[in-house]
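The values are calculated or read from the model by the stated rules, or taken from the named source; none is laboratory data. This one's a predicted model, so the numbers in the text were calculated from it and none came from an experiment. Because the Cβ atoms are built from the backbone with ideal geometry, glycine has one as well, and the counts that use them run over all protein chains shown. Quick note on the areas: whole protein, heavy atoms, side chains included, nothing else; ligands and nucleic acids left out. Shrake-Rupley method; radii C 1.70, N 1.55, O 1.52, S 1.80 Å.
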Amino acid sequence: MGRPDPEEGQLPAPVKPPDGGWGWIVLLGCFVITGFSYAFPKAVSVYFKELMKDFHVGYSDTAWISSIMLAMLYGTGPVCSIMVNQFGCRPVMLIGGLLASAGMILASFTTNIIELYLTAGVLTGLGMALNFQPSLIMLGTYFDKRRPLANGLAAAGSPVFLSSLSPLGQVLLEKFGWRGGFLIMGGLLLNCCTCGAVMRPLDMGMKRKMGKAQDKYEAKEMLPIGGKSEEGISTTDGTKKGKKAKKKPKKGKKLLDFSIFSNRGFIIYTISKFILVLGLFVPPILLVNYAKDTGVPDTEAAFLLSIIGFIDIFARPACGMVAGLKWVRPHVAYLFSFSMLFNGLTDICSARASNYTGLVIFCVFFGISYGMVGALQFEVLMAIVGSQKFSSAIGLVLLIEAFAVLIGPPSAGRLVDALKNYEVIFYLAGSEVVLSALFLGVASYCCLNRGKKEPPPENNPTAGAGSDTEEAESDVQEAEEHSSDNHQPAHSTDNAVVVASEEANHVAEEQRGEGGGCPAGDGEVLARDGCNADQMVERDSF
């Protein structure tokens, strides 16, 4: 028993998130990665007409490029989780940036649509997936108190980049053609490597190193200056090394933690998110064609998406600030449920919009609600599973969402072709979003709150100090065994036992000061058990 040590292969105690400092650089990198991940598949659509002419294919064939990108972004979630747990966030993001860039560069040399699927679709989509998920994990590592605000600011990268990449793509297409545009886009994606390079992991072993340095400093202060001090320190280090050798061998780290499925909150979140994705993306996909069918000119119809993006830019950080308030953050799941309900009701109420003014009003409210959902979705997941299991949780959630992405929008398109009526599609999509909101809110209240009302078990006042106390006792015993086995001089043995006894009493005093519940006299009992009377006198003389 004892404190976990990174050198022994055990998980160390996590360092407290700094909530600032280098975390703001990490937030900037996450902002860029989120922007590329969500906006790039949509921005590529400006090249579709040229691709249709060169490859003699239809619109549905070129649309598969964006679909494959999104499918890779969502469907490779577990693969990303395994790689992050095995190699860490920074190496995975560097590899992802290279893959994303290489995919677009190779796509500029393709000669048929299948090669585009494999390069721009699979390779670039996989690269963006290997960047997106680790960036969210690092964001949760660096922020705790300000995490809702950080998630909102990072999520704002999606509308900002969508507003920038689409016009940029149009300019590149006019000046360099689609091949030159793909080549330059591939160069832009190399910025993902820069973002990955700034994802510096927190030093998990810092506390342990400081503790060892403090122990050596205290040993030098207690022992006389000269050879005895060095002997005492070396003997103490020897006892700790001997103790480490007796401990259990390290356990292999889980590459994908499926134990999160035992968390009821995670199950509720996953089901509600699956239902949400079925209808969330349908209205913005069909909005432009819906406006054209009602008689709105092409330029004005395209401007509707710009309205949603502009509102979304401000909605996400604002919602993150609200979610970070002290009286709101404990109930962030209900705020997420409200945002989904708001979004679903917006779809339902706008189904009968028959003029441009009504569609503009719909875009304003949809942009607000859509931004709220985007700002809160990963914050709620972090709050449910915690930062330690977030890497596995987000991978599994994205995999489940991938099925919903492949079911929802294509099914809506087929219904439009069959019914020739957009009103039914808006009703259906809004109903799915409302259902997900009601399920999340009701299930969270009924299932999770009941578990919280159960009285927690009473804490044993001595339980908090058990592991450290037993460790100190074992240090005393092993110091005696070490000295007797190696036939050290008497003064060296006494010094080793004295240092170990002082360490035991020091641990007990710290726990009493921190409210650990140790009764008075524990330090004396440890001294009596580990030392004889002569050694007690010698310890007091120091």
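Taking only the C-alpha atoms of the stretch 16-221, the Rg (one decimal) and the largest Cα-Cα distance, Dmax (whole number), read 20.2, 83 Å.
Kindly flag which residue pairs out of LYS175/LYS292; LYS273/LYS326; LYS175/LYS420; LYS42/LYS292 have an alpha-carbon separation exceeding 27 Å in this structure. Could the numbers behind the result be given before it?
Details: LYS175/LYS292 29 Å; LYS273/LYS326 25 Å; LYS175/LYS420 38 Å; LYS42/LYS292 20 Å.
Pairs exceeding 27 Å: LYS175/LYS292; LYS175/LYS420.
Available extension along the chain between LEU202 and LYS292 is 27.2 nm, counting 0.36 nm per residue and deducting the alpha carbon span. Specify the inter-centroid distance of the stretch 66-136 and the stretch 308-322, based on alpha-carbon positions, in whole Å. Spelled out, the Cα-based centre of one part sits 27 Å from the other. Can you work out the FRET efficiency for the pair VAL360 and LYS175, with r the C-beta to C-beta distance and R0 = 41 Å, to the nearest 0.05? Efficiency, rounded to the nearest 0.05: 0.80.
Taking the Cα centre of the stretch 256-449 as the origin, how large is its charge dipole in debye, to the nearest 20, when only Lys and Arg (+1) and Asp and Glu (-1) carry charge on their Cβ atoms? Walk me through the numbers before you get to the answer.
On the way: 10 positive and 11 negative charges, 98 e Å.
That gives the stretch 256-449 a dipole magnitude of about 480 debye.
With a Förster radius of 30 Å applied to the C-beta separation of GLU300 and ALA63, the computed FRET efficiency comes to 0.80.
Of the heavy-atom accessible surface of the stretch 256-449 (probe 1.4 angstrom), what whole percent is carbon and sulfur?
On the way: 5960 of 8390 Å².
Roughly 71 percent, rounded to a whole number.
Please list, by residue number, every one of the chymotrypsin sites (Phe, Trp or Tyr not before Pro) in the stretch 71-133 that is coil in DSSP and has at most 14 other beta-carbon atoms within 10 Å.
On the way: sites: TYR74, PHE87, PHE109, TYR117, PHE132; in loops: PHE109.
Passing sites in the stretch 71-133 are PHE109.
Could you work out the relative contact order of the stretch 20-152, using alpha carbon pairs under 8 angstrom and six or more residues apart, expressed as a whole percent?
Numbers: 150 pairs, mean separation 46.2, N = 133.
Over the stretch 20-152, the number comes to 35 percent.
Once the Kirkwood radius over Cα pairs is known for the stretch 80-188, the Stokes-Einstein relation at 10 °C and 1.306 mPa s delivers a diffusion coefficient of 104 µm²/s. Label-to-label distance for LEU28 and LYS420 is 5.5 nm, based on points extended 7 Å past Cα in the beta-carbon direction.
For a paramagnetic label modelled on ASN263 (point 7 Å from Cα along Cα→Cβ), amide N atoms under 15 Å away belong, within the stretch 131-148, to 137-138, 140-141. Think of a 1.4 Å ball rolled over the protein heavy atoms: the stretch 256-449 then has 43 Å² of accessible area per residue.
The residue among GLY23, ALA129, ILE113 whose Cα reaches farthest toward the positive pole of the charge dipole of the stretch 16-221, with charges on the beta-carbon of Lys, Arg, Asp and Glu, is GLY23. Against the empirical 2.2 N^0.38 Å (N residues), the stretch 256-449 has a Cα radius of gyration ratio of 1.06.
Could you please state how large a percent of the accessible area of the stretch 89-152 is carbon and sulfur, counting protein chains only and using a 1.4 Å probe? Mind showing how you got there, number by number?
Values: 1470 of 1990 Å².
C and S fraction of accessible area: 74 percent.
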